[in-house]
Amino acid sequence: MKRNLRLLTVFPLLIIALMVMSISKNESEKVIIGYVGGYRGLVDVSLIAPKKLSHINYAFINVKSNRAFINRPETDTVNMRNLVSLKIQNPKLKVLISIGGWAWSENFSDAALTDTSRAGFAKSAVEIARKFKLDGLDIDWEYPGIAGEEGNVFRPEDKTNFTLLMAALRDELNKLESETGTKKLLTIAVGGFNNYIVHTEMDKVQGYLDFVNLMTYDFYPGGGLAVHHTNLYSSEKYNGNSADAAFHAFNKAGVPASKLVMGIAFYGRMIKLKGEAKNGLADSVQSMSYGKGYTFIRDSLINKKGFKHYVDKSAKAPYIFNGETKEFMTFDDEKSVMEKCKYVKKNGMGGVMFWEHDSDLKGYLLDQINKDIK
């Protein structure tokens, strides 16, 4: 009897301990996905800290004649091999190729159009993964059923064809899994706005995917007003997009929270405001440009050269404004990254991803991510 009582006492404690261990394990497994751009040429992999990343998405592979196409073989092939070599430092690191992007999405609609074109595209993409010993594919179609960059081909049929394309890619990756005995990932990067959901079947698409990377950045001005480009919450200053709204919209559309990955911007958006601008945020826009990477913003612009630093508390988003030059810049900083990581853990999201590595070579934001997400 005493022995049974002891077991009854110990057993609940064991269950609680296992639950705590499980929770801790899940928290530690949040992904940190970094996009590394090869469009500049050779990537200096010595500047990458592989132990601070779970995944690297190499950007970009082109889409040409309904095939995944290595556009710059003289540098892309070297870059892919060098990125894979980083596994020596972090054996758990996963390296994927990202196909498409803003500039190379014009041919996705054609590649997804028929059974034949989808099969050919899937085989060509997986063949690149096979040849370079990669861990999978990331599809960055900007955007199914929506214009994206001027001149892009898009069709109403993209909505269903996108789903079928993901199915074809998953099927080919499954074959590669059988060959290698290792898991092969399929992920996508998606526009962080509701219109993307309207033109896709996310409830069906997600079934083929490991992660859905929310591009919760590049939010553009509404009504000609200067807005945050990567804010976590809606601002009290204006009506617009937010990462919080994107998460809930994709989750409601059928994507499990555990597959949704929060986007973080390692760069800013510069907005030139009209002459009467006084506040920066929500003032009238004259023109826009890409801006600077966060290393430059932090070291050279925040509270320097006429730029004053502000925080929109409602949006959990920083910005700087120069009242003389009428320049407004919106970006992520350490505090906004901390808030996003807290949000990821609170909502059971898969983790975070960022665009793009070279924009913060000093690692200010990546260090913050590692501090907060783990």
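Within the set 57, 66, the sole residue that is on the phi > 0 side of the Ramachandran plot, modelled with pLDDT of 95 or more and either within 22 Å of the chain's Cα centre (by Cα) or among the polar types (S, T, N, Q) (or both) turns out to be 66.
Per this entry, residue 238 is not counted among residues that are touching a residue at least 24 places away in the same chain (Cβ under 8 Å), in contact with a helix residue (DSSP H, G or I) (Cβ under 6 Å, 6 or more places away or on another chain) and not basic (Lys, Arg).
Regarding the stretch 249-266, can at least one residue be identified that is aromatic (Phe, Trp, Tyr), in contact (Cβ under 8 Å) with a residue 40 or more places away in the chain, touching a Phe, Trp or Tyr at 6+ places or on another chain (Cβ under 6 Å) and over 25 Å from residue 119 (Cβ atoms)? Looking through the stretch 249-266, at least one residue is aromatic (Phe, Trp, Tyr), in contact (Cβ under 8 Å) with a residue 40 or more places away in the chain, touching a Phe, Trp or Tyr at 6+ places or on another chain (Cβ under 6 Å) and over 25 Å from residue 119 (Cβ atoms). Within the stretch 64-78, residues that are farther than 19 Å from residue 108 by Cβ and among the hydroxyl-bearing types (Ser, Thr, Tyr) sit with their Cβ atoms under 9 Å from residues that are modelled with pLDDT of 95 or more and part of a loop (DSSP other than H, G, I, E, B), at 6+ positions apart or across chains, in these pairs: 75/38; 75/41; 75/42; 75/43; 77/70; 77/132.
One residue is enough: does the stretch 166-189 have a residue meeting the conditions of a type in the set (Val, Ile, Thr), without any contact (Cβ under 8 Å) to a residue 60 or more places away in the chain and in contact with a Phe, Trp or Tyr (Cβ under 8 Å, 6 or more places away or on another chain)? Checked the stretch 166-189: at least one residue is of a type in the set (Val, Ile, Thr), without any contact (Cβ under 8 Å) to a residue 60 or more places away in the chain and in contact with a Phe, Trp or Tyr (Cβ under 8 Å, 6 or more places away or on another chain).
Taken across the stretch 151-170, residues that are within 30 Å of residue 320 (Cβ to Cβ) and among the aromatic types (Phe, Trp, Tyr) do not occur at all. Looking only at the stretch 242-289, residues that are in contact with a Ser or Thr (Cβ under 9 Å, 6 or more places away or on another chain) and of a type in the set (S, T, N, Q) come to 1 in all. None of 113, 93, 134, 83 is touching a His at 6+ places or on another chain (Cβ under 9 Å) and not hydroxyl-bearing (Ser, Thr, Tyr) except 93. No other residue among 227, 285, 255 is within 26 Å of residue 162 (Cα to Cα) and not hydroxyl-bearing (Ser, Thr, Tyr) apart from 255.
Scanning the stretch 334-348 for residues that are more than 18 Å from residue 52 (Cα to Cα) and touching a Phe, Trp or Tyr at 6+ places or on another chain (Cβ under 7 Å) gives a single hit, 347. Kindly establish whether residue 351 is within 24 Å of residue 261 (Cα to Cα) and surrounded by fewer than 23 Cβ atoms within 10 Å (Cβ to Cβ). It is true that residue 351 is within 24 Å of residue 261 (Cα to Cα) and surrounded by fewer than 23 Cβ atoms within 10 Å (Cβ to Cβ). Could we say that residue 299 is out of contact with any Asp or Glu (no Cβ under 9 Å at 6 or more places or on another chain), acidic (Asp, Glu) and either at pLDDT below 95 or not in a helix (DSSP H, G or I) (or both) here? Judged against the criteria, residue 299 is not a match. If you go through the stretch 129-165 and keep only what is in contact with a strand residue (DSSP E or B) (Cβ under 7 Å, 6 or more places away or on another chain) and under 18 Å from residue 63 (Cβ atoms), you end up with 129, 134, 136, 137, 138, 139, 140, 141, 142, 143.
Restricting 87, 131 to residues that are under 26 Å from residue 30 (Cα atoms) and among the charged types (D, E, K, R) narrows the list to 87.
The values are calculated or read from the model by the stated rules, or taken from the named source; none is laboratory data. What you see is a predicted model, and the numbers here were worked out from it, not measured in a lab. Neighbour counts are summed over all protein chains in view; Cβ atoms, including those assigned to glycine, are modelled from backbone coordinates with ideal geometry.
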